[in-house]
Amino acid sequence: MVRIRVLVVDDHRIFAESLAAALAAEPDVDVSAAGSGPAALRCLERAAAEGRRYDVLLVDADLGGAVPGPRPAVPVQEVGEDGLVDGISLVAGVRAAQPHLRVVVLAEKDDPRRAALALQAGASGWVAKDCSLSRLLTVIRGVLRDETHLPPALLTGVLRELTAARKHRTESERLVESLTPREREVLRCMVAGLGRKAVAERLFLSPHTVRTHMQNVLGKLGVHSTLAAVALARRAGVGPVDLGAPARMVAEESSSA
C-alpha cells in the first residue's frame, strides 16, 4: 500500500492535533503536525534529509495571526526563527524549496482574494476548516493527481482576482523591462532581502553607486520604498538573486548582460 505523508501546519494546537489524529486513522495516511512556519520548515528539511519526504502540506490560511492585506509572498527562509510566517508566505516558500510537495490551504472562511493569492503562491487547494473528513481526504488524494480543488462558490471570485492579477503582472513586467541589466540585478538583490552594503559587496560596487542604482530602480518602477519595489518585482516574476552562486560570477554576468 502506498502511504501518503501529510504535515498539518496550524498554530491552534488543539485543532492541529485533532486533525492529525483524525487523518492518522486512515490506513494509508502518515501524519505529523507543526505549530508554526519555521517549525514546518524544519520538519520538511529533516524529512527530506532522511529520505522520507512529505507528500501534502495542510496549511492554516491565518497561520501566525497575519492580518489579511496586499503583501508579497516571502520565502520562508527569509523569515527569522522567531518571526511570524503567514500561511500564504509559507506556501510560496515550501513550493520554491520542494516543488513536488502539494499544498492545501485550510481557511476559516471563503475569501476569493486570498484564495487567488494561495493559488498564485503554488497551492493546489483551498478548503474550509469545517469541511468533513471525507471531503478533506478527497482533496488530499485529488491534489496528488495534480487536481486543483476550490469550493464552487469561490470559483467566480477567484477567476476575477486572477484576471486582475494578470493585468497587474503585465504592467509590472513592462516597468521591469525599462530597467538596465545592472538595475535588474540590483532589483534581484533587493528581492533577496539584501541591504545596500550587502549589494555593494556582492556586485563589487561602492555603496554610493548602489544607492544611485536603487533610487533609479524606485523611480523607474514608480514606487517609493524597497518593499513596494519587491512586491512589484514579484508580480512581474522577478526572483531573488542566487545567494549560493559566487558573487564574482554574478557581478560578471550582470556586467556582460
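Quick notes
- Note on the stretch 37-61: residues that are of a type in the set (A, V, I, L, M, F, W, C) and surrounded by fewer than 18 Cβ atoms within 10 Å (Cβ to Cβ) total 5.
- Pairs, first more than 17 Å from R95 (Cα to Cα) in the stretch 109-121, second charged (D, E, K, R) and outside any loop (DSSP other than H, G, I, E, B), C-beta under 6 Å, six or more apart: P112/E161; R113/E161
- Among the residues making up the stretch 132-169, a single one is open to solvent by less than 70 Å² (accessible area, probe 1.4 Å), touching a helix residue (DSSP H, G or I) at 6+ places or on another chain (Cβ under 8 Å) and part of a loop (DSSP other than H, G, I, E, B): L150.
- Of everything listed in (1) over 23 Å from the mean Cα position of the chain (by Cα); (2) open to solvent by 60 Å² or more (accessible area, probe 1.4 Å); (3) touching a residue at least 60 places away in the same chain (Cβ under 8 Å), the single unmet condition for E173 is (1).
- Search result, residues across the stretch 44-63 that are under 17 Å from the mean Cα position of the chain (by Cα) and hydrophobic (A, V, I, L, M, F, W, C): L44, V56, L57, L58, V59, A61, L63
- Scanning the stretch 117-131 for residues that are part of a helix (DSSP H, G or I) and open to solvent by 10 Å² or more (accessible area, probe 1.4 Å) yields L117, L119, Q120, A121.
- Restricted to the stretch 13-36, and to residues there that are farther than 16 Å from I140 by Cβ and under 21 Å from the mean Cα position of the chain (by Cα), the residue that is surrounded by the fewest Cβ atoms within 10 Å (Cβ to Cβ) is G35.
- Of the numbered criteria (1) open to solvent by less than 80 Å² (accessible area, probe 1.4 Å); (2) in contact with a helix residue (DSSP H, G or I) (Cβ under 7 Å, 6 or more places away or on another chain), the one R196 fails is (1).
The values are calculated or read from the model by the stated rules, or taken from the named source; none is laboratory data. Because the structure is a prediction, the values reported are computed rather than measured. Please note: Cβ atoms are built from the backbone with ideal geometry, for glycine as well, and neighbour counts cover all protein chains shown. To get the accessible areas, we keep the full protein, side chains included, count just its heavy atoms, and leave off ligands, DNA and RNA. Shrake-Rupley method; radii C 1.70, N 1.55, O 1.52, S 1.80 Å.
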